[in-house]
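*Asks:* For reference, the structure I am asking about is given below.
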Amino acid sequence: MSSTNNTKQAAWIAIGSLFSFGFGIISSMILSRYFDKGDYGTYKQVMYVYSTLLSVFTLGLPKAFSYFLPRVEISQAKNLIKKITNLFFILGGVFSLLLFIGSPIIASILKNPDLNSALKIFAIVPFLMLPTMGLEGVLATYKKTMFMAIYTIVTRTIMLLCVAIPVLLFNTGYHEALIGFVIASTFEFILALYLKYYPIRHEANNKCTVKYSEIFKFSFPLLYASIWGSLLNSIDQFFISRYFGNEVFADFSNGALELPFVSMIVGATTTVLTPLFSQKVFQKGNFKTEIYPIWTQVFEKSAMLIYPIVFFCIFDANLIMTVMYGDLYETSGDYFRIKLFTYFVKIIAFYPALLALNATKFYAKVFQYAFLVLLPLEYLVATLVQNPLLITGVHVFTTISYILIFLRYIAKKFGVSLMSLFPIKSIIKIASASILSIIFIYIIRNSIYFNMHHLEVLIIDLSIFTSIFIIMSILMKLNYYKIIKPLFNK
């Protein structure tokens, strides 16, 4: 696959992710304004429980599409997709049953009795959503990521209409919002199953040579990694939810926002690079001459796109949260600012490289050890220091540490130094341009405009930052044209 085609395929995934984030934010903005903090916190706790258990019940299978499809004849693709999807149906059914039966226990653990009824309403969602998993991998393999963008836009629109709009128009509660989530998930389920087979609809349906034992052999190490990774990523949510209540959890959950462009870019590059790297390894490609150059190019482009956003959001974190969620959630900006520091290293899709290097066991071990270190640290902070912000800070430090371990491993396999993975010169230029742009905002804000609405201030800040950054990037010869040029090439 050419570099131009890689960029285009990633761009479609990114567009879908951007719309997904946009609709998700609109939904959160509506719910946080129309629910009181306790009800909003309960709704977010339902999503936390679902996302935490999801990694366990997917068994690492979503990545199996990206791994196996490039390695089988296209005439066997339908059978392979059906095999993996059937596993998702079984896993989704077990997940839903466990969620329904176990809702009182989960509510007791998180010390929120309202979770019992909420989880019972939500329980059917895993059965509907698990079979949709892996759609990105299928469409990316056959270079049909445009349909992934369409799917994301359509399903996020339906989700917004079913979950948030009734709350806005009819002032319904979180129970009704969860019912809307179930309805939207049904539409998503139907559309995903159709699109999974769409790229190969005219192909033969021969029996696949890939056996279930091979699929499980591939997926179980990923399951092991997913379990530890899920525990690691959710442990701060657990301690804040259990020890500080659902209102503080509401503040935290809004502040623990994934930056839209970051998740969009990293998610898109991961989706595109995973089948590409898998294919190159299967064809006995050379890591250093074939994979390393692609990986480093993506790293540099990601830094150029993401770092300016991170710098701006760190500066205006509290203002951004206030604009998005209202004055009640200004303190969410404190969590948001702390979380943002992870993006200085969390900008590259390192997972495809680790998968290509057959390093899934190492991947899981790092997560395991990081969790075993983080668990007692956060417990001590929660019980002795009793500061939820410090819990977030400890979590961020741990995240940065294990990402650097992954990067060091990749650098060693590529036969280069850790620092050579980072585009140091570009990073210095980007940081300088960003900081100078922020200084201009600070000077102008304190000398020109006063008593403006929060949204007006944010728009002005963003306009100043963008204008100054563009000028500085030109002066510092940051070549952004090379990023957008492939999008216009045939």
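The values are calculated or read from the model by the stated rules, or taken from the named source; none is laboratory data. Please read all numbers here as calculations on a predicted model, not as lab measurements. Cβ: placed from backbone, ideal geometry, glycine included. Neighbour counts: every protein chain shown. Side chains are part of the model used for accessible areas, which takes the heavy atoms of the whole protein and leaves out ligands, DNA and RNA. Shrake-Rupley method; radii C 1.70, N 1.55, O 1.52, S 1.80 Å.
*Asks:* Express in whole angstrom the spacing between the alpha-carbon centres of segment 236-250 and segment 368-402.
*Replies:* Value for the Cα centre distance between the two parts: 14 Å.
*Asks:* Using 0.36 nm per residue of separation minus the Cα-Cα distance, give me the extension gain between residue 120 and residue 463 in nm, one decimal. Before the final figure, lay out the partial values.
*Replies:* Numbers: separation 343, 0.36 × 343 = 123.48 nm, distance 4.60 nm.
The residue 120-residue 463 span can extend by a further 118.9 nm.
*Asks:* Right, something else. Under the rule of at least 5 residues apart or a separate chain, name every residue whose amide H is placed under 5 Å from the amide H of residue 257.
*Replies:* It is none; the list stays empty.
*Asks:* Determine, for each peptide in 96-102, 212-218, the mean count of other beta carbons within 10 angstrom over its residues, then list the peptides with the highest first.
*Replies:* In descending order of packing, they fall as 96-102, 212-218.
*Asks:* Still on this structure: Of the listed pairs 37/111; 82/361; 361/412; 83/143; 44/346, which have alpha-carbon separations greater than 18 Å here?
*Replies:* Details: 37/111 16 Å; 82/361 27 Å; 361/412 16 Å; 83/143 21 Å; 44/346 24 Å.
The pairs that break the limit, which is 18 Å between Cα atoms, are 82/361; 83/143; 44/346.
*Asks:* Is segment 1-148 best put as rounded, prolate or oblate by its Cα gyration tensor, with a ≥ b ≥ c the root eigenvalues, rounded for a/c under 1.5, and otherwise prolate when a/b is larger than b/c, oblate when not?
*Replies:* Numbers: a/c = 3.54, a/b = 1.55, b/c = 2.27.
It comes out oblate by the Cα gyration axes.
*Asks:* Please enumerate, by chain and number, the aspartates and glutamates with C-alpha under 19 Å from the C-alpha of residue 120, excluding those fewer than 8 residues away in the same chain.
*Replies:* Answer for residue 120, where 19 Å is the Cα cut-off: 39, 176, listed by chain and number.
*Asks:* Let me ask you something else. Aspartates and glutamates within cross-link reach of residue 413: Cα-Cα under 14 Å, excluding same-chain residues under 8 positions apart?
*Replies:* 290
*Asks:* Run down the aspartates and glutamates and flag those whose C-alpha is under 16 Å from the C-alpha of residue 196, throwing out any fewer than 8 positions away in its chain.
*Replies:* In chain and number order, the partners are 136, 188.
*Asks:* With Cα extents along the principal axes in Å as the read-out, I listed (1) 74, 70, 54; (2) 68, 58, 44; (3) 93, 56, 55; which label goes with the value calculated from this structure?
*Replies:* Of the labelled values, this structure produces (2).
*Asks:* Round to a whole number: what % of the accessible area of the chain belongs to carbon and sulfur, probe 1.4 Å?
*Replies:* Working: 14430 of 21530 Å².
Ligands and nucleic acids excluded, carbon and sulfur give 67 percent.
*Asks:* Sort 396-409, 310-323, 55-68 by the packing proxy (mean of other Cβ within 10 Å over each peptide's residues), most packed first. All intermediate terms of the calculation are to be shown ahead of the outcome.
*Replies:* On the way: 396-409: 17.1, 310-323: 21.1, 55-68: 23.3.
Put in order of decreasing packing, that is 55-68, 310-323, 396-409.
*Asks:* Using a 1.4 angstrom probe, figure out how much accessible area the chain has per residue, in square angstrom, rounded to the nearest whole.
*Replies:* Values: 21530 Å² over 490 residues.
Averaged over the residues of the chain, the accessible area is 44 Å².
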